[in-house]
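This report refers to the structure that appears directly beneath it.
The values are calculated or read from the model by the stated rules, or taken from the named source; none is laboratory data. Just so it is clear, the model here is predicted, and its values are computed rather than measured. Note: ideal-geometry Cβ built from the backbone for every residue, glycine included; neighbour counts use all protein chains shown.
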Amino acid sequence: MTKPHFYITTAISYVNGPPHLGHAYEAIGADVMARFKRLDGFDVYFLTGTDEHGQKVQKTAITKGKTPQEFSDEIASLFIQMCKDLDVTQDQFIRTTAEFHKAACQAIWKQMEEAGDIYLNKYAGWYSERDEAFYGEDELETRPDGKKVNKTTGTEVHWVEEESYFFKLSEYTQKLLDYYEAHPEFIEPAFRRNEVVSFVKQGLKDLSISRTSFDWGVKVPNAKDHIMYVWVDALTNYISAIGYPDDKDGNFKKYWPADVHLIGKDIVRFHTVYWPAFLMSAKLPIPKRVFGHGFLMTRGEKMSKSLGNVISPASLIERFGVEQARYALMREVTFGQDGDISYELLGNRINAELANNMGNLAQRTLSQIAKNCAGAVPQPGILEDVDHQLLDKAGQAMLIAVRAEFEKLQFSKALEEVVQVANAANLYIDAQAPWTLKKTNIERMNTVLYVLAEVIRNLGVILQPFTPKAANKILDQVAVAADARDFSFIGATHALQPGTALPAPQGVFPRYEHPAEEKTA
């Protein structure tokens, strides 16, 4: 049976500096989604990578006494290592300095040119080097120090005048509006769609898509002095990575259009205005969905070195461990919204839900089985209504609820469904008290412990996208075969077999001990 295809991408990270927590947040979110889809029976392709061209990279390299390629190699290696450290399972890490990617950029340029959508003119306007974007007067403000900055991003702009190729973006204003109306799911969350629609309704201006003032980029075909505007280059990675234009391996036909581009809210415009317009011009399909996630804040403020509130991916792993860090980031903040995090908040979340709830449930259940059931899955007696209710809640009902939240990329709400099952199981074990039943009703004790072991099995399966190693340790402890851990095994049809020998139980989610400075914060 052929599996349905699912193609997910992060944005490619700009190599002007090492990875920060926002990069980690996006990579983990995409990885959680990719893992979920694999476990749910999909043929998944997951892409991430680095965006390595542009004036900013060239200037930064020069200040460090390196060539742009040397500097890009150095920073790209840090992003590759971040993915390894966070247990991110991308199928490809693309770098835009790869020759196959440059060829793809030139191919889509030629297609847009053949469509009559590219022309040569002179550009004069305000340009942000940091954002790699041009802005209109209505998007700018002048600070007291006289510097002109973008109202939204706060980045400084400079007046630029140079010969440039232009893309006829203005001719796509109505086409894009029609597309948004016909495909409301294209831009999510919904409030970001409203922002984009409002922007486009003001009317689009033709877009400068080449530069001559620097040379670190993809060469424009048949125009030796021009390199491509970085967003033509960067956005094309999503199709170059899967074989466009030649498609020798058939991956482009298989996976395009992408199911979701998972990106930061600050680059939604590029992905939902420029990118679909380029694709329409080149007569290529448009991605099914662009999801703009929010920013991570600390005590309501953006993270910055000057404020001393920066949380790095490495510090998060060092403090909590990879599994706990992945869980806490996906749980603490509603995906799509800005959210406040701190070591204290994340530590509290880890303790409340992993250590005290799920970890404690597994530890005390499996310890009871080891002690009172000869270390094997107990033989249940006749199930009572309370047993059926918990098993039903922890079976297909849990999977259906979690799947519904994943379809909306609501990872925190998906985990809330899992937490509710663990809560119910902890209430059940307290109410049934198998340690007391041992003295009064062995058959009932065996039934209660069997029900709990089965709940733990289902929890282990559903937790795999978030805490892959810890979840598999849980499944090891209830003797679930390695080939019986995808979502098709959730529920009563594949329940644990009584009499199966279990290994000695071990703690999976250790409690986080808050340092003194967190306790007094």
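Some observations on this one:
- The range 258-294 - residue that is part of a loop (DSSP other than H, G, I, E, B) and under 22 Å from PHE406 (Cβ atoms) and, of those, modelled with the lowest pLDDT: GLY294
- Total residues in the range 190-238, condition among the basic types (Lys, Arg) and assigned to a strand (DSSP E or B): 3
- Filter result for LYS84 (among the charged types (D, E, K, R), in a loop (DSSP other than H, G, I, E, B) and either in contact with a Pro (Cβ under 7 Å, 6 or more places away or on another chain) or free of Cβ contacts under 8 Å to residues at least 12 places away in the same chain (or both)): no
- Residues in the range 38-72 that are of a type in the set (Ser, Thr, Tyr) and either part of a helix (DSSP H, G or I) or surrounded by fewer than 22 Cβ atoms within 10 Å (Cβ to Cβ) (or both): THR60, THR63, THR67, SER72.
- Only one of VAL421, VAL386, VAL377 that is in contact with a helix residue (DSSP H, G or I) (Cβ under 9 Å, 6 or more places away or on another chain), of a type in the set (Val, Ile, Thr), modelled with pLDDT of 95 or more and loosely packed, with under 14 Cβ neighbours inside 10 Å: VAL386
- Strands (runs of 3 or more DSSP E) (entirely within the range 95-142) containing at least 3 residues that are modelled with pLDDT under 90: 118-128, 133-135
- Of the residues ILE311, ILE286, ILE317, the single one that is closer than 18 Å to LEU235 by Cβ, of a type in the set (Val, Ile, Thr), touching a residue at least 60 places away in the same chain (Cβ under 8 Å) and surrounded by fewer than 21 Cβ atoms within 10 Å (Cβ to Cβ) is ILE286.
- Of the helices (runs of 4 or more DSSP H) lying entirely inside the range 369-464, those containing at least 3 residues that are of a type in the set (D, E, K, R) are 385-393, 396-407, 411-432, 442-462.
- Every residue from the range 153-163 that is touching a strand residue (DSSP E or B) at 6+ places or on another chain (Cβ under 9 Å) and either part of a loop (DSSP other than H, G, I, E, B) or not assigned by TED's automatic domain parsing to the domain that holds ILE267 (or both): THR153, THR155, VAL157
- When the residues of the range 224-239 are filtered to those that are at pLDDT below 95 and surrounded by 15 or more Cβ atoms within 10 Å (Cβ to Cβ), the one that is nearest to GLU52 (Cα to Cα) is VAL230.
- So ASN150, is it of a type in the set (S, T, N, Q) and surrounded by 14 or more Cβ atoms within 10 Å (Cβ to Cβ): yes
- Some residue of the range 108-126 being closer than 30 Å to ALA470 by Cα, of a type in the set (Lys, Arg) and in the same structural domain as SER240 (by TED's automatic domain parsing): no
- Taking the conditions (1) closer than 30 Å to ASP178 by Cα; (2) surrounded by 15 or more Cβ atoms within 10 Å (Cβ to Cβ) in turn, GLN337 satisfies each one other than (2).
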